[in-house]
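J.: Quick one: structure below, then a few questions.
The values are calculated or read from the model by the stated rules, or taken from the named source; none is laboratory data. A quick note: this is a predicted structure, and the numbers were derived from the prediction, not measured. Methodologically, a virtual Cβ is constructed for each residue, glycine included, from the backbone with ideal geometry; neighbour enumeration extends over all protein chains shown. Heavy atoms of the whole protein, side chains included, go into the accessibility calculation; ligands, DNA and RNA do not. Shrake-Rupley method; radii C 1.70, N 1.55, O 1.52, S 1.80 Å.
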Amino acid sequence: MWSALLTSNTQWVLISTMVLGIAAGTIGCLAYWKKQSLMSDSLAHASLPGVVIAYMLFAEKDLYILIAGAAVSALLGAAFIQAIRQTTRITEDTAMGMILSVFYGLGIMLLTIVNRSAGGNQAGLDSFIYGQAAAMVRSDVWTMIILA
């Protein structure tokens, strides 16, 4: 049993999940404290179109390009949430729900288009987005630590 814990792959997965748990817990507590607990879901779902658009523009699954696309899309989603909140009588949680569903729907539509295009199924973008913890390597752990 202990030999399974000592493999490098298990160590990478353990370290990265600990880092992710600490970062997500910290941000989650702050979001809950500021009464914006839906914000993390909204921005996570708003990042999907950015990942797919970055893949469509550069035609490769480079981690940093896809993360940059996700960041741009999530920031755009946050800007839309604030714009809706400030220019209408719609409450913030309703604006977050709107952005969550619109951006996620757009992302799924774009993902379907990519998967149906020539060579799209070979892209493996679905498995890249959902991830596979068992395939983590040292560089993935360092990337997660830096981003966290």
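J.: Can you tell me which residues in region 71-98 are touching a residue at least 40 places away in the same chain (Cβ under 8 Å) and either among the aromatic types (F, W, Y) or open to solvent by less than 60 Å² (accessible area, probe 1.4 Å) (or both)?
T.: I81, E92, M96, G97
J.: Mind listing just one residue for me: the one in region 20-41 that is within 16 Å of the chain's Cα centre (by Cα) and of a type outside the set (G, A, S) and, of those, farthest from I145 (Cα to Cα)?
T.: Taking the candidates together, the pick is L38.
J.: Go through region 16-31 and give me each residue that's open to solvent by less than 40 Å² (accessible area, probe 1.4 Å) and touching a helix residue (DSSP H, G or I) at 6+ places or on another chain (Cβ under 9 Å).
T.: Answer for region 16-31, where residues must be open to solvent by less than 40 Å² (accessible area, probe 1.4 Å) and touching a helix residue (DSSP H, G or I) at 6+ places or on another chain (Cβ under 9 Å): S16, V19, A23, G28, A31.
J.: Within region 39-64, can you find the residues that are hydrophobic (A, V, I, L, M, F, W, C) and surrounded by fewer than 20 Cβ atoms within 10 Å (Cβ to Cβ)?
T.: The answer is A44, I53, M56, L57, F58, A59, L63.
J.: Here's another thing I want to ask about it. Across region 128-143, what is the number of residues that are part of a helix (DSSP H, G or I), over 16 Å from S47 (Cα atoms) and either out of contact with any helix residue (DSSP H, G or I) (no Cβ under 9 Å at 6 or more places or on another chain) or at pLDDT 75 or above (or both)?
T.: Here the count works out to 6.
J.: Are there any pairs, at least 6 apart or on different chains, whose C-beta atoms fall under 6 Å, with the first in region 99-127 and at pLDDT 70 or above and the second small (G, A, S), and if so, which?
T.: That search, which allows pairs on different chains as well, returns I99/S42; I99/A46; I99/G77; L100/S42; F103/A46; F103/G77; V114/G120.
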